[in-house]
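Everything below concerns the one structure shown next.
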Amino acid sequence: MVGVRSLLGRWGGAIGLPALALIGFVATGAVAQDAVEPQSLVDKATKTVETFKIDPDMTWFRDHLPDAKAVMVVPVLLKAGFIFGASGGHGALLERDETTGAWSYPAFYFMGSVTFGLQIGGEAAEVVLMIMTDRGKDAMLSTEFKLGADVSVAAGPIGAGAAAATVDVLAFSRERGLFGGLTIEGAVIKPRNEWNEVYYGRPVSPADILVRHSVSNSQADPLRQAVAGARAASTGAAATPSPAATYDVATIQRALLAKGYDAGPADGRMGSRTRTAIRQYQAAEGLPVTGEPSAELQARLTATP
């Protein structure tokens, strides 16, 4: 069961069988709600970002999202409790390139926690974590970390004129249901490596996706553009897509195939065949041989002879 083994190892001996059953219920429910497939989570995460951007209480979030080091979107975080509580959900993490301002393709994570004290009820929430520091960003590349222990976390400012705490991670949420307030302090966050492999077509680490940008999937471009357009939504200006968000891998693949290069299926995924085909084309055209897709590459491939 996803996320449960880690939780049991940390707290199983202390909380007893009723709490373990509750943890299983929440973790299983979280999986049932948003783990149909990674693309389903990406689509829901895109809707969450768009919803947050137009929420009048999320002014600070909207204005400062473009300045975050990274952002993790958990479109469905389920929480339930009876004396003991547990929560769980999957998230998509994107990191901002501080040189170009472009947002990476998403890496997938699971977030789960156990809480103690009198609490009765259930809740579903949309949660967005804004990673504000290098320490917080580095934690996202580890095999596991805990909010409030390995990195500091606080609730994000709500409403116009609100001030933010100086912490590694700011948490914003929109909640549904009945509970005594949502807290994610103490939540454990771990990469979902199997989801990353499925989504990008080969085994990849979070660093491969977020830092080295060695894979891509054009089906995540709407999410990247939603995050990149946050400031434009605040000012009313038209969003200007970053150069890294203006190409489409499937279009590049089709153009390479039309020119006789074996780019593999035009499925929008950057596999080894597509990368090799790009290198071959770049070498033949006297271009820098990187094997990476780009807006410039797409424009050259699709230009009318």
For residue 134 and residue 211 in the same chain, what is the full-extension length gain: residue separation times 0.36 nm, less their Cα-Cα distance, in nm?
26.4 nm
Ordered by fewest other Cβ atoms within 10 Å, a rough proxy for footprinting exposure, 167, 128, 211 read 211, 167, 128
Where does the range 247-302 land on the Kirkwood hydrodynamic radius, alpha-carbon pairs, in angstrom?
10.6 Å
Sequence gap at least 6, Cα distance under 8 Å: using those rules, report the relative contact order of the range 247-302 to the nearest whole percent.
36 percent
Compute the distance in nm between two label points, each set 7 Å from the Cα along the Cα-to-Cβ direction, one at residue 290 and one at residue 276.
2.2 nm
From fewest to most C-beta neighbours within 10 Å, the residues 269, 254 line up as 254, 269
Be a star and scan the range 246-268 for residues whose amide nitrogen sits under 12 Å from the point 7 Å along the Cα-to-Cβ vector of residue 283.
none
If each residue's Cβ is checked for other Cβ atoms within 10 Å, how do 289, 127 rank with the fewest at the top?
289, 127
Local net charge near residue 288, Cβ-Cβ under 13 Å (Lys/Arg +1, Asp/Glu -1)
-1
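The numbers here are math on the coordinates, done by the rules we state, and not lab data. Bear in mind the structure is a predicted one, so any value in this text is a computation, not a measurement. Virtual Cβ from ideal backbone geometry, glycine too; neighbours counted across all protein chains shown.
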